[in-house]
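Student: Could you have a look at this structure, given as structure tokens, before my questions?
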Amino acid sequence: MGMISILDIARTALSTQQYGIEVTGHNIANVNTPEYSRQSPVIVAEDPLKISGLLLGRGADVGSVVRATDQLVENRLMLEKSGMLSSQEMENYMRIFEGLFNENSDTSISALLSEFWNSWHDISNNPSGVPERIALYEQSSLLSEQLNILSQDLTQIETDLTGAVKTGIERINQLTGEIATLNRQVITVESDGNTANDLRDQRNARISELYGYLDVQTFEQDNGTITVATKRGGILVSGAESFDLSLGGTNGNRVLWENSSGTPVDITNYLTNGKLGGWLEMRDGIVAKYKLDLDAVAQEFIWSVNEQHSQGVGLEAFSTGTGTSAVSDTGEELGTQASGLNYYDKISDGTLNLWVYDSSGNVVGAKPNTIIIDADASGTTLTSLSGAINGIANITSSITDGQLTVNAAAGYTFAFSDDTSSVLAALGINTLFSGATAGGIGVNDKIDLNKNYIAAAQLHNNVGPAVAASTNAAQTGTITTDGPYTGTADATYYVEITTAGDETNTFFRWSTDQTNWTTVNLGDGGGATRTLSNGVTVTFNTGTYALNNAFTVAVTKPVGAYGTFADGDNTNALAIADLQYTDTAITRTTVDRIDGNTTETVTATIEGYYHATIGSIGVASSSILRAKEFNEIMVNKLSTVRDAISAVSLDEEMANLIKFQHAYAAAAKIINVVDEMYVSLLQTK
């Protein structure tokens, strides 16, 4: 019995050391396998037996093979990798993004804006010059084209990022499917009490890669399976089941997770880490913000130039003109959003003058036709504006596809001036540009066909519009003015209501020095007109006038034939050139794809705002770079910690191999000794 026990001990010793050599060989074979965790055999002594009153050992056995791993370190490392990959992807796209706003090029927006303003200065120096007009047109076209290209490039980056998200989702779904399969295999292998070390390493590798795409949470269940969920609790893997993500939504660019009831849930704004988080933050955060900023610059630039351009006149008057902007409903008030105009909010109560000329260039009727614009509810619609224009002799208008067209009768032409309502610019009539965004800006087709319509001059209209005092009561009537003023010096007329009422029973007084007043009664019905002095007239339009309402009318001494324009007049060209230095209100958007966007209005020049935008791109890029560098440091440090715990050391494994080899040889020696003992015993007998 004794020698048999010794042989049994030797047998278990051989088996145990053989397992040790096999595990060591497995470690050496996987020294370069990513995410592999070093394995070690746990050798335990066999339970002893009581023989002849003594407890004698029965050798050793391999109780289990364990992975050298610290799950807390693994989880932290995966989390830091998730942040690092997010920053890396953002940095990659940021390099492309910054290249689009290259300010060192002659075709940069800043350079083209500067040349645009310079072209207006050139026209102001030679208002009738054809070369200067052609140069301005070409510069305007180049600027429009470059804004179009930049907008298209930004849109293309958005498209590319959506494509990256789509590819990422496909890989995520593949990974979650593989994790679910490995969960099932782990359950099968571990059902008999063993530990599925290699399967767990493979699963850990898939989970680590999954962290690289999005921020997830993992939970190990009692049966050894891993449950994977998004940060918002959407289950991606549960046991042997996986739940896919998909792209959907109105524009097909939202990340959707399907819950247990089969309902898609939009989780786009909750994905902040990993490649997916980086792509989404780049697309819906950075690119979206600067698209809005670029459009804000373009919008205010287009409006500022068009609004001033619409106040002027070119080298010739119009025989026909069509607006570049269309309304969506011709019956809606032009000053309301329901009209569908891009610049509806720029329209205000006011008037505009439409001058009609005969074939000799003389003003028909010697006065302009004043059109009143009411921007409030129940005010001027495109239909009513067209009707007002049709009431002017030798002028007709029509509406096609929401756009207003004005035509002069054969042998007549027309021009505009003193548009205090800004309705012309909003409708795109007598403007330089069309569109309202960086992607939609273009040069007005009218100017494309005839550069003479570039409005460098202004009509000689020496009677300014009536300006209502800010103290006037709300919902009061309005007055309009006319001329020509025949005085010998510039002057200001002051008009005050002395008896409240409508235009049929209102008394008012007027003065040029606010000392000597003339009182006038309006008793002859609606639209009453009264002459003040030197050819200046005031018309009281239908409405109610409150006591002490006040208006001012600025007039200038005659500088030319009333209602005419001169080739050498540079008044409007100078006004447009001065826009380069004029502060304007520009909407700035702070983009937050998680909590929602906020807007504020800043006051700056157009170029100043654009330069500030370029500067902020550099700041954003630096911030992304710093985040990436920090994440890389953390990943490197945690990788070192992880390797110290789990990585395979060839030196250590070689030492283990020698240890197990000598132990195996010693166990074999025990068998030899027992064999010799048997031989000696047999020979003795």
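The values are calculated or read from the model by the stated rules, or taken from the named source; none is laboratory data. Predicted, not measured: the structure shown is a model, and the values here were computed from it. Neighbour counts run over all protein chains shown; Cβ positions are idealised from the backbone, glycine included.
Student: Could you look through the stretch 292-318, keep only residues that are among the small types (G, A, S) and assigned to a loop (DSSP other than H, G, I, E, B), and pick out the one that is nearest to L150 (Cα to Cα)?
Tutor: It comes out as S310.
Condition check ((1) surrounded by fewer than 22 Cβ atoms within 10 Å (Cβ to Cβ); (2) closer than 28 Å to I479 by Cβ) across all residues:
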site	(1), (2)
G277	no, no
K289	yes, no
E300	yes, no
S310	no, yes
S319	yes, no
T324	yes, no
A366	yes, yes
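Student: In addition: I'd like to verify a number: residues in the stretch 339-377 that are touching a Ser or Thr at 6+ places or on another chain (Cβ under 6 Å), modelled with pLDDT under 90 and assigned to a loop (DSSP other than H, G, I, E, B), how many?
Tutor: Total meeting the criteria: 2.
Student: Can you tell me which condition A426 does not meet? The list is (1) under 30 Å from I109 (Cα atoms); (2) surrounded by fewer than 18 Cβ atoms within 10 Å (Cβ to Cβ); (3) among the small types (G, A, S), and all the others hold.
Tutor: A426 satisfies every listed condition except (2).
Student: What number of residues within the stretch 3-60 are in a helix (DSSP H, G or I) and touching a residue at least 40 places away in the same chain (Cβ under 8 Å)? Reasoning before the result, please.
Tutor: Of all residues in the stretch 3-60, those in a helix (DSSP H, G or I) come to 3-29.
Cutting the leftovers down to touching a residue at least 40 places away in the same chain (Cβ under 8 Å) gives us 3, 5-21, 23-25, 27-28.
Residues flagged as in a helix (DSSP H, G or I) and touching a residue at least 40 places away in the same chain (Cβ under 8 Å) within the stretch 3-60 amount to 23.
Student: Does G321 qualify as being assigned to a loop (DSSP other than H, G, I, E, B) and either at negative phi or out of contact with any Pro (no Cβ under 9 Å at 6 or more places or on another chain) (or both)?
Tutor: no
Student: Report, by residue number, each residue of the stretch 307-337 that is polar (S, T, N, Q) and closer than 18 Å to T405 by Cβ.
Tutor: S310, S319, T320, T322, T324, S325, S328, T330 - these are the residues of the stretch 307-337 that are polar (S, T, N, Q) and closer than 18 Å to T405 by Cβ.
Student: May I pose another question? Suppose the filter is surrounded by fewer than 16 Cβ atoms within 10 Å (Cβ to Cβ) and either at negative phi or in the same structural domain as F660 (by TED's automatic domain parsing) (or both); does S15 pass it?
Tutor: So S15 fails the test.
Student: So, in the stretch 435-469, of the ones that are in a helix (DSSP H, G or I) and within 27 Å of A366 (Cβ to Cβ), which residue ends up farthest from the chain's Cα centre (by Cα)?
Tutor: Per the stated criteria, the residue is N452.
Student: Also, quick follow-up: Quick check: is even one residue across the stretch 111-133 touching a residue at least 60 places away in the same chain (Cβ under 8 Å), assigned to a helix (DSSP H, G or I) and over 30 Å from D567 (Cα atoms)?
Tutor: To start, the set of residues in the stretch 111-133 that are touching a residue at least 60 places away in the same chain (Cβ under 8 Å) comprises 113-114, 117, 120-121, 123-125, 127-128, 130, 133.
Still in the list and also assigned to a helix (DSSP H, G or I): 113-114, 117, 120-121, 123-125, 130, 133.
From the residues that got through so far, the ones that are over 30 Å from D567 (Cα atoms) too are none.
No - not one qualifying residue is present in the stretch 111-133.
Student: Which numbered condition in (1) under 18 Å from Y453 (Cβ atoms); (2) modelled with pLDDT under 95 is the only one that I429 fails?
Tutor: With respect to (1) under 18 Å from Y453 (Cβ atoms); (2) modelled with pLDDT under 95, I429 is out only on (2).
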